[in-house]
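Peer 1: I have a structure here, written as structure tokens, and I will follow up with some questions on it.
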Amino acid sequence: MNKKIVIVGAGVAGVNAATKLVDQGYPGENITIIDMGKDPYNRKPEEVMTGFLGAGGWSDGKLTYHTAIGGHLSKYTGDEKAMELMDQVIENFKRFHPKPEEVQCSNPVAEPDFIKPYFGLRLFPVWHVGTDYLHEIGKNWYDYLIDKGVNFIWETKVTDINFEDQIVSIGVVDEMSYDTLIFAVGKSGIDFGKQLEEEYQLDTEPKPVQIGVRFEAPQKHFQKLIDISYDFKLYRKFDDEGVSLRSFCTNNNAAYVAVEETYGNYSYNGHAKKDMKFRNDMTNFGILMQIQGIDNPFDWTREIIGKLQKESKGLYYSPSRKPSQTSEGNNVSTYQINKEDMKFVKETMGGYFKYIEDFIEDMKKVFPTLKDDWGIYIPEVKYLNPEPKVNHNDLSLLKFPNVHFVGDALSARGITVSGSQGILVASSILKNHLL
Ligand SMILES: Cc1cc2nc3c(=O)[nH]c(=O)nc-3n(C[C@H](O)[C@H](O)[C@H](O)COP(=O)(O)OP(=O)(O)OC[C@H]3O[C@@H](n4cnc5c(N)ncnc54)[C@H](O)[C@@H]3O)c2cc1C
């Protein structure tokens, strides 16, 4: 049990992997986690994507609990095992939560009639942790791993990995060898994953484009639906046109729009705080289109996102409102555009923006008080990197069985799936070491 494990990325996947290992008696001294962000005591609120628990540490803390949501898990493990892994992730979040009794599950069961003519509603259970508690969870969780002897290297970017010689490069000067590597760089490391896929000519599976906007409006307009499903997911499909749309990651009560920075460009996402002192009675959610049949979807998306920026910010459009403030009281960083400028957005999105316009128009019919009382932050994007092909039992690369890809760097798109993939890999490592 003394092989050296290096985990690149202290995000949800990497931290859950390390936790499973030390919980099962693996010596923490033999585990090193390298992250370009900061530990949970020094991480600042604007560092949304990096640091302890990664993007999950500053997320809106909603742990989806269904195999059809949050990326691929059951494709590797089957449904039963997937649910069991998700239970372990949720248990970890409760275990380090200062008030675990406040982690509640909402589980809507019936699609309401009033949305039916226009939208479908995806029904699935969600555990709510709350963004503000994530900070405390992070500290408690970190302290536990430190107590167990796990080594952390902070504010350090891994710049290359030699899979053949089993060496991680930190800048040009420093190197670290490993026996087993867990590659858990999340969305902030998406470029790095792509670089390695190209360098080692890894077999990958293509992914569709997911692009859209972050919609924001006063919560009162949506309350009727929120009472039925807190994190509602409206959806519609245009099979003949290869386009489907869904509302994504709904935040209510204390709901804030967050800036995400990927590849040097702005895109938007959302936070929900639990502490009622942050209550702003707003709702925000993504309206995301999945578009099939685009050649080279990754580059296509990147180009569009690059164009939808002004003065190094993303865009905001509203027929009546101004951009909101963050929970720290700053204006959400965005450039407000007018109706005339929207022509440029429509052109840039290559004709696909009409689906979003129709979605908003139909929401106005379903939620009649909404009218012009809304705004959109442009763009929201889910970059889905080509997914490296891995062995299903332990998520290791087909060419390099001691290198495991996990979390958003593989096929996840959320906390429970990312954490589960980390735990799956840790379990397989433990099994091999015990043989
Ligand atoms: C604002 C926001 C809200 C969200 N809300 C939710 C939600 O409510 N529910 C949900 O399920 N999902 C949510 N998500 C998505 C969720 O956070 C991610 O799916 C999840 O965190 C992915 O876990 P991961 O471990 O793969 O990557 P991450 O958690 O992103 O961690 C990756 C880590 O790798 C580090 N890293 C990257 N590259 C390098 C490098 N080269 N060298 C060293 N370190 C590196 C980063 O610093 C980061 O800490 C949200 C995301 C955002 C941005």
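The values are calculated or read from the model by the stated rules, or taken from the named source; none is laboratory data. Note that the structure is a prediction, hence the values are computed from the model and not measured. Please note: Cβ atoms are built from the backbone with ideal geometry, for glycine as well, and neighbour counts cover all protein chains shown. Only protein heavy atoms, including side chains, enter the accessible area calculation; ligands, DNA and RNA are left aside. Shrake-Rupley method; radii C 1.70, N 1.55, O 1.52, S 1.80 Å.
Peer 1: Bin by bin, in steps of 5 Å, what percent of the Cα pairs in the range 66-210 do you find, going until the bin that has the longest distance?
Peer 2: Taking all Cα pairs of the range 66-210, the binned fractions are 2, 6, 10, 13, 15, 16, 16, 11, 5, 3, 2, 1, 0 percent.
Peer 1: How far is helix 297-307 tilted off the main Cα axis of the chain, in degrees rounded to 10, range 0 to 90?
Peer 2: Between helix and principal axis, roughly 60 degrees.
Peer 1: In straight Cα distance, which aspartates and glutamates are under 19 Å from Lys4, not counting same-chain residues fewer than 8 positions off?
Peer 2: Answer for Lys4, where 19 Å is the Cα cut-off: Asp23, Glu29, Asp35, Asp147, Asp160, Glu164, Asp165, Asp174, Glu175, Asp179, Asp394, listed by chain and number.
Peer 1: Could you give the distance between the Cα centres of the range 339-357 and the range 28-42, to the whole Å?
Peer 2: 43
Peer 1: Beyond 12 Å, how much of the Cα-Cα pair distribution for the range 46-86 remains, as a whole percent? Intermediate results must be reported in sequence, preceding the final value.
Peer 2: Working: 518 of 820 pairs.
Percentage above 12 Å: 63.
Peer 1: Still on this model: Write down Rg/Rh for the range 213-313, rounded to two decimals, with Rg from the C-alpha atoms and Rh from the Kirkwood relation over Cα pairs. Numbers along the way, then the final one.
Peer 2: Numbers: Rg = 15.7 Å, Rh = 15.2 Å.
Rg/Rh for the range 213-313 comes to 1.03.
Peer 1: Does the range 1-158 come out rounded, prolate or oblate by the C-alpha gyration tensor, with a ≥ b ≥ c the root eigenvalues, rounded set by a/c under 1.5 and, if not, prolate when a/b is larger than b/c and oblate if not? Mind dumping the intermediate values first?
Peer 2: Details: a/c = 2.14, a/b = 1.71, b/c = 1.25.
Prolate.
Peer 1: Next question, about the same structure. In the calculated pair distance distribution of the range 390-435, what percentage of Cα-Cα distances lie above 16 Å?
Peer 2: The answer is 33 percent, as a whole percent.
Peer 1: Return, for the Cα atoms of the range 289-435, the radius of gyration and Dmax in Å, separated by a comma.
Peer 2: That works out to 20.9, 67 Å for Rg and Dmax.
Peer 1: What percent of all Cα-Cα pairs in the range 1-80 falls into each 5 Å bin, going from 0 up to the bin containing the maximum distance?
Peer 2: With 5 Å bins starting at 0, P(r) equals 3, 14, 18, 18, 19, 17, 9, 2.
Peer 1: Carbon-plus-sulfur fraction of the accessible area of the chain, 1.4 Å probe, in percent?
Peer 2: Values: 8200 of 17700 Å².
Percent of accessible area from carbon and sulfur atoms in the chain: 46.
Peer 1: Given a cut-off of 18 Å, name the pairs among Lys44/Lys310; Lys81/Lys431; Lys116/Lys207; Lys20/Lys148; Lys20/Lys431; Lys307/Lys346 whose C-alpha atoms lie farther apart than that in the structure shown. List each step's numbers first, then the result.
Peer 2: Values: Lys44/Lys310 25 Å; Lys81/Lys431 16 Å; Lys116/Lys207 30 Å; Lys20/Lys148 12 Å; Lys20/Lys431 12 Å; Lys307/Lys346 12 Å.
Among Lys44/Lys310; Lys81/Lys431; Lys116/Lys207; Lys20/Lys148; Lys20/Lys431; Lys307/Lys346, the Cα-Cα distance tops 18 Å for Lys44/Lys310; Lys116/Lys207.
Peer 1: Shifting gears a bit: At most 15 other Cβ atoms within 10 Å plus a DSSP loop assignment makes a site exposed; report the longest stretch of the chain without any exposed GluC sites (Glu not before Pro).
Peer 2: 165-310
Peer 1: Same structure again: I'd like the distance between the alpha-carbon centres of the range 245-289 and the range 154-186, rounded to an integer number of Å.
Peer 2: If you average the Cα positions of each part, the centres end up 33 Å apart.
Peer 1: Taking only Cα atoms, what is the 0 to 90° angle, nearest 10, from helix 190-199's long axis to the longest principal axis of the chain?
Peer 2: So the helix axis and the longest Cα principal axis differ by about 50 degrees.
Peer 1: Still on this structure, I have one more. Taking a cut-off of 15 Å, what percent of all Cα-Cα pairs in the range 228-284 are separated by more than that?
Peer 2: Details: 978 of 1596 pairs.
Above the 15 Å cut-off, the range 228-284 has 61 percent of its Cα pairs.
Peer 1: Can you check what the Kirkwood hydrodynamic radius comes to for the range 205-248, Cα pairs only, in Å to one decimal? Working shown, then result.
Peer 2: Working: mean 1/r = 0.0784 Å⁻¹.
Computed over Cα pairs of the range 205-248, the Kirkwood hydrodynamic radius comes out at 12.8 Å.
Peer 1: Please calculate how many Å² of accessible area the chain carries per residue, with a 1.4 Å probe and no DNA, RNA or ligand atoms counted. Mind dumping the intermediate values first?
Peer 2: On the way: 17700 Å² over 435 residues.
Each residue of the chain exposes 41 Å² on average to a 1.4 Å probe.
Peer 1: Pairing the Cα long axis of helix 12-23 with the longest principal axis of the chain, what angle in degrees results, from 0 to 90 and rounded to the nearest 10?
Peer 2: That helix lies at roughly 40 degrees to the long axis.
Peer 1: Moving on. What does the convex hull of the Cα atoms come to per residue for the range 346-410, in Å³? Provide the component values of the computation, followed by the final result.
Peer 2: Working: hull volume 10.0 nm³, N = 65.
Once divided by residue count, the hull of the range 346-410 is 153 Å³.
Peer 1: Per residue of the range 395-407, what does 6.51 cos²θ - 1.76 cosθ + 1.60 with θ = phi - 60° give for ³J(HN,Hα)? Whole Hz please, x for Gly and Pro, Karplus curve as stated.
Peer 2: Couplings: 6, 8, 5, 4, 7, 10, x, 9, 10, 10, 9, 9, x Hz.
Peer 1: Follow-up. Give or take rounding to whole Å, what are the principal axis extents of the alpha carbon atoms in the range 63-108, in descending order?
Peer 2: 34, 23, 15
Peer 1: Using only Cα atoms, what is the ratio of the radius of gyration of the chain to 2.2 N^0.38 Å?
Peer 2: On the way: Rg = 21.2 Å, N = 435, 2.2 N^0.38 = 22.1 Å.
Here the Cα radius of gyration is 0.96 times the empirical estimate.
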